[in-house]
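**Student:** One structure coming up, written as structure tokens, with questions to follow.
The values are calculated or read from the model by the stated rules, or taken from the named source; none is laboratory data. Note that the structure is predicted; figures quoted are calculated from it, not measured. With ideal geometry, Cβ positions are generated from the backbone for all residues, glycine too; neighbour counts draw on all protein chains shown.
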Amino acid sequence: MAYHFFTDINGLNDQIADAFGSITDIIENGVTYEQFLLTSKHISSVNLDAIAVCNGQIFVQEQLNNSSLLNIVFKPTETQTFNFPKIKYFIYRGIKKDSLVSSDNLTIAVKGTNTLVDSIWQAFDKFNNTGSPSKEVIGLHSDINSLASTEILDEIFLKTFSGLQFWSVKGGDVIGEFDKNAIGFEITQEDLFYKPDLEFARKDETICKVKALVGTPTDVEFFDHWHDKEQILSFIDPCCFFASFYNTNLFVRNGTSETKVKGEVLFEDLISRFLNKDQCYIDIRNEFNFSLNYFKNYSTTPATNTVIIKIKLGSDSFQDKNYHAIAWPILVIKSNDFPSETNSIRTVTIKLPSGNGDNPSPILYADKAYRYSNDLLADLENGERFKTLSVASNYADAFEFVIPIHEDIISSYTLLKYGKQNTEETLPTPISTQIRKSDYLDCIFPLALNFDYITLPLKNKTYDVDLYLDAIETHRYEGAFSLSISFDQENITLLANPTLINTKEYKRQPISVVSTFKSYKNDNIIEDIDKIEQSSYLSKGTLKISNTDQDILFYETSMADVSGKFDVPDIRNIIGINITKEQWEAILLLSISSFNQKYPVYLAITNKQQLEDDDGKSYTSLTLALKGYQIQGSSLVVNLVSTNINLITYGIV
């Protein structure tokens, strides 16, 4: 799976401005806005080829402010070989229209223009068509133009438009030509809540613009300000993405030649051209995958967003540092932050706050972090990625990782999930903006998982975002899970799918899919999962419960033992909820009437009981609720609303 740099570097100027990151505030109509540029912008001495980063599909749109320039939405169909967050889209901004469209503004450019154009002509000629292929084939389509700017890109890729194909390209293909003065490139990662739309696809740049706080803000204004800033976490600095190929090969084109580069050559020939070449990002998330202090539970005071972590860079001693030092929800470390050292390793050691008792038993899951092994940079091994921490003096144990260096540090990305273990310790009363889990099943699934399953051909969707879940007390494992939603003829099934499991001890157990009484018999998604190679086989049984109109079908895993292994999938580790479509639609309506839809709303668990059926078999009964935010005057509060939907499953879950 070869990966390529997004453009020809021959003639590409060193970046001296317009890099990914915080930029100068702007005043509009007397209101000050803080800004973060999410596009890496470049200029060149000549127009440059745009090169497909990898295999993928493309979708083209005109820029809103300049109809002579195009943007390419590039959806990768393969992933890089090293550990890195799932890339959703690569966005190419500033493509010269005449590199894809002919002068008549109706048809595709002439043969020989570039690889993409030639592939379209080849397909056109294969069917003995006359004339020329329409520009609509790449997305410059009248039906697309008529869509609202809020149309979600994911759903556009799934719809059918007459005469439009989401053209497949290969890594290294030339897919257009950048205007030398308007080169822009973006990388968005998979996200549960940020969903790029058509307006995003048509702009000449992407800036996260957030109204600045002034005076004494209300609770709503304060929370809203920081909520809006979360958008930047859906993007990756292209500099640190391409720098992540330091230990592998990246194809880089320079004029008429293309070579595989890595290590020092990668840095000297490519990364050194970026302004952010020595800027390292440390992205720390909470148990809901929002930024560390999204709920304000780790602030020095709830009315501020000052989060003091303790950090040690290299041989320095621990220093207090505000995690939000750049006024955005990510920590940035630069080369001049380190002491002068001659050794070939740059270590970062952090201690995270316990929130004055809010997180007395922390867990740290290193989603993306480096270590050194035999003087070589490497990703953490699977077992090293789970760190159970203790707390002393309101801070968790130290966690150490390394960042890559050349002669100095190299742009990199570290992603840490700072979660909570399920313990019996007494916790302080949650602050007004804090959603807290009451159980490992509680608040796993946000309603943002929903999609338009009625008009789209897609019936299931997986979000490749790792969430840490602690099911040790009940099932003897903890792990990282991705979330999925599936619709069949009658039901909806929400699943937390294991991507990495840290097994403590296995026992014979039910799979943790809880269901309503009537729907589970007609659902076949669990049987489909059971067919996956390496999964543990299922056996079926029934619960007999008085006052129900039918027996309850359940599934139990086999005794096959893979204890101590990290291999997945293993069906024993799946966690899920199964309800009818009618119940799901009622839940969505209840959410709209009960909560502010700008903020996350979760399926919550209440009234959990361990019971026995008529034959003495253990089963678990619980009630579904919704947990989310309501605005009450100038205050924001978390509220719990029951759906009155009862769920049941075999065994103790």
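**Student:** Would you confirm whether or not segment 461-475 contains a residue that is surrounded by fewer than 16 Cβ atoms within 10 Å (Cβ to Cβ) and outside any loop (DSSP other than H, G, I, E, B)? Spell out how you get there, then give the answer.
**Tutor:** Keep residues of segment 461-475 that are surrounded by fewer than 16 Cβ atoms within 10 Å (Cβ to Cβ), which gives 462, 473.
The next check asks that each one be outside any loop (DSSP other than H, G, I, E, B); those that pass are 462, 473.
Yes, because at least one residue in segment 461-475 is surrounded by fewer than 16 Cβ atoms within 10 Å (Cβ to Cβ) and outside any loop (DSSP other than H, G, I, E, B).
**Student:** Can I ask one more? May I ask you to list the residues in segment 35-59 that are more than 18 Å from residue 236 (Cα to Cα) and touching a Phe, Trp or Tyr at 6+ places or on another chain (Cβ under 9 Å)? Step through it out loud before you land on a result.
**Tutor:** Applying the first criterion (more than 18 Å from residue 236 (Cα to Cα)) to segment 35-59 yields 43-51, 55-59.
Those that are more than 18 Å from residue 236 (Cα to Cα) and touching a Phe, Trp or Tyr at 6+ places or on another chain (Cβ under 9 Å): 44, 47, 48, 49, 50, 51, 56, 57, 58, 59.
**Student:** Let me ask something additional. Output the number of the condition that residue 252 fails; it satisfies all remaining conditions of (1) out of contact with any helix residue (DSSP H, G or I) (no Cβ under 9 Å at 6 or more places or on another chain); (2) not assigned by TED's automatic domain parsing to the domain that holds residue 386; (3) not aromatic (Phe, Trp, Tyr).
**Tutor:** Only one criterion is unmet by residue 252, namely (1).
**Student:** Report yes if residue 59 is part of a strand (DSSP E or B), of a type in the set (Phe, Trp, Tyr), touching a strand residue (DSSP E or B) at 6+ places or on another chain (Cβ under 7 Å) and modelled with pLDDT under 95, otherwise no.
**Tutor:** Numbers: part of a strand (DSSP E or B): yes; of a type in the set (Phe, Trp, Tyr): yes; touching a strand residue (DSSP E or B) at 6+ places or on another chain (Cβ under 7 Å): yes; modelled with pLDDT under 95: yes.
Yes; evaluated as a whole, the condition is true for this residue.
**Student:** Residue check: is residue 435 touching an Asp or Glu at 6+ places or on another chain (Cβ under 9 Å) and β-branched (Val, Ile, Thr)? Quick ask: steps written out before the conclusion?
**Tutor:** Values: touching an Asp or Glu at 6+ places or on another chain (Cβ under 9 Å): no; β-branched (Val, Ile, Thr): yes.
For residue 435, the condition - touching an Asp or Glu at 6+ places or on another chain (Cβ under 9 Å) and β-branched (Val, Ile, Thr) - is not met.
**Student:** Quick check: is even one residue across segment 230-252 charged (D, E, K, R) and within 30 Å of residue 212 (Cα to Cα)? First the steps, then the outcome.
**Tutor:** Looking only at segment 230-252, we keep the residues that are charged (D, E, K, R), and these are 230, 237.
Remaining after also requiring within 30 Å of residue 212 (Cα to Cα): 230, 237.
The answer is yes; a qualifying residue exists.
**Student:** Quick one: which of 536, 558, 563 is surrounded by 18 or more Cβ atoms within 10 Å (Cβ to Cβ), at pLDDT below 60 and within 30 Å of residue 386 (Cα to Cα)? Spell out the reasoning first.
**Tutor:** On the way: 558 fails: surrounded by 18 or more Cβ atoms within 10 Å (Cβ to Cβ); 563 fails: surrounded by 18 or more Cβ atoms within 10 Å (Cβ to Cβ).
Selected residue: 536, the only one of 536, 558, 563 that is surrounded by 18 or more Cβ atoms within 10 Å (Cβ to Cβ), at pLDDT below 60 and within 30 Å of residue 386 (Cα to Cα).
**Student:** Can I ask one more? Any residue in segment 164-171 that is in the same structural domain as residue 241 (by TED's automatic domain parsing), outside any loop (DSSP other than H, G, I, E, B) and aromatic (Phe, Trp, Tyr)? Steps first, please.
**Tutor:** In the first step, residues of segment 164-171 are kept if they are in the same structural domain as residue 241 (by TED's automatic domain parsing); the result is 164-171.
Then drop every residue that is not outside any loop (DSSP other than H, G, I, E, B), which leaves 168-169.
Checking which are aromatic (Phe, Trp, Tyr) leaves us with none.
No, that holds for no residue.
**Student:** Name every residue in segment 118-141 that is among the aromatic types (Phe, Trp, Tyr) and in a loop (DSSP other than H, G, I, E, B), in order of residue number.
**Tutor:** Going through segment 118-141, the residues among the aromatic types (Phe, Trp, Tyr) turn out to be 121, 124, 127.
Answer for segment 118-141, where residues must be among the aromatic types (Phe, Trp, Tyr) and in a loop (DSSP other than H, G, I, E, B): just 127.
**Student:** Could you say which residue among 451, 481 is in a loop (DSSP other than H, G, I, E, B), outside the structural domain of residue 346 (by TED's automatic domain parsing) and closer than 19 Å to residue 191 by Cα?
**Tutor:** Working: 481 fails: in a loop (DSSP other than H, G, I, E, B).
Being in a loop (DSSP other than H, G, I, E, B), outside the structural domain of residue 346 (by TED's automatic domain parsing) and closer than 19 Å to residue 191 by Cα holds for just one of 451, 481, which is 451.
**Student:** Right, something else. Taking residue 215 as the residue in question, decide whether it is within 27 Å of residue 13 (Cα to Cα), not β-branched (Val, Ile, Thr) and not in a helix (DSSP H, G or I). Spell out how you get there, then give the answer.
**Tutor:** Details: within 27 Å of residue 13 (Cα to Cα): no; not β-branched (Val, Ile, Thr): yes; not in a helix (DSSP H, G or I): yes.
For residue 215, the condition - within 27 Å of residue 13 (Cα to Cα), not β-branched (Val, Ile, Thr) and not in a helix (DSSP H, G or I) - is not met.
**Student:** Look at segment 146-158 and say how many of its residues are in a loop (DSSP other than H, G, I, E, B) and in contact with a helix residue (DSSP H, G or I) (Cβ under 9 Å, 6 or more places away or on another chain). So that I can check it myself, show each step before the final result.
**Tutor:** Looking only at segment 146-158, we keep the residues that are in a loop (DSSP other than H, G, I, E, B), and these are 146-151, 157-158.
Next, from what is left, pick out any that are in contact with a helix residue (DSSP H, G or I) (Cβ under 9 Å, 6 or more places away or on another chain): 147-151.
Of the residues in that region, 5 qualify.
**Student:** If you don't mind, there's one more thing I want to ask. Within segment 5-36, which residues are surrounded by fewer than 20 Cβ atoms within 10 Å (Cβ to Cβ) and assigned to a strand (DSSP E or B)?
**Tutor:** Correct list: 22, 23, 24, 25, 26, 27, 28, 31, 32, 33, 35.
**Student:** Inside segment 460-515, can you point out the residues that are small (Gly, Ala, Ser) and modelled with pLDDT under 85? Let's see the steps before the verdict.
**Tutor:** Kept after step one, since they are small (Gly, Ala, Ser), are these residues of segment 460-515: 471, 479-480, 482, 484, 486, 496, 512, 515.
Of everything in segment 460-515, those that are small (Gly, Ala, Ser) and modelled with pLDDT under 85 turn out to be 471, 479, 512, 515.
**Student:** Please work out which residue is modelled with the lowest pLDDT, limiting yourself to segment 343-380 and to residues that are among the small types (Gly, Ala, Ser) and not in a strand (DSSP E or B). Quick ask: steps written out before the conclusion?
**Tutor:** Initial filter on segment 343-380 (among the small types (Gly, Ala, Ser)): 344, 354-355, 357, 361, 366, 369, 373, 378.
Remaining after also requiring not in a strand (DSSP E or B): 344, 354-355, 357, 361, 369.
Details: 344: 68, 354: 95, 355: 92, 357: 92, 361: 92, 369: 92.
In this case the residue turns out to be 344.
**Student:** Could you please tell me which pairs satisfy a Cβ distance under 6 Å, a separation of 6+ or placement on different chains, a first residue in segment 410-438 that is charged (D, E, K, R), and a second residue that is assigned to a loop (DSSP other than H, G, I, E, B)?
**Tutor:** Close Cβ pairs (under 6 Å, with a partner that is assigned to a loop (DSSP other than H, G, I, E, B)) amount to 420/287; 420/359; 425/360; 436/430; 437/443.
**Student:** Something else: So which residues in segment 16-41 are under 19 Å from residue 243 (Cα atoms) and touching a helix residue (DSSP H, G or I) at 6+ places or on another chain (Cβ under 6 Å)?
**Tutor:** 40
**Student:** Is there a residue in segment 74-86 that is modelled with pLDDT of 95 or more, assigned by TED's automatic domain parsing to the domain that holds residue 155 and β-branched (Val, Ile, Thr)?
**Tutor:** At the first step, the residues of segment 74-86 found to be modelled with pLDDT of 95 or more are 74-76.
Still in the running and assigned by TED's automatic domain parsing to the domain that holds residue 155: 74-76.
Filter once more, keeping what is β-branched (Val, Ile, Thr): none.
Checked against the condition, which is being modelled with pLDDT of 95 or more, assigned by TED's automatic domain parsing to the domain that holds residue 155 and β-branched (Val, Ile, Thr), segment 74-86 yields no hits at all.
**Student:** Have a look at 291, 272, 234 and point out the one that is buried (at least 22 other Cβ atoms within 10 Å of the Cβ), touching a residue at least 24 places away in the same chain (Cβ under 8 Å) and polar (S, T, N, Q).
**Tutor:** The conditions single out 291.
**Student:** Now, a different point. Of the numbered conditions (1) acidic (Asp, Glu); (2) out of contact with any strand residue (DSSP E or B) (no Cβ under 7 Å at 6 or more places or on another chain); (3) surrounded by fewer than 17 Cβ atoms within 10 Å (Cβ to Cβ), residue 224 satisfies every one except a single condition; which is it?
**Tutor:** (3)
**Student:** Only one of (1) without any contact (Cβ under 8 Å) to a residue 60 or more places away in the chain; (2) surrounded by 21 or more Cβ atoms within 10 Å (Cβ to Cβ) is not met by residue 177, so which one is it?
**Tutor:** (1)
**Student:** Determine, yes or no, whether residue 238 is closer than 30 Å to residue 409 by Cβ and in contact with a Ser or Thr (Cβ under 9 Å, 6 or more places away or on another chain). Please lay out each step first, then the result.
**Tutor:** Numbers: closer than 30 Å to residue 409 by Cβ: yes; in contact with a Ser or Thr (Cβ under 9 Å, 6 or more places away or on another chain): yes.
Answer is yes for this residue.
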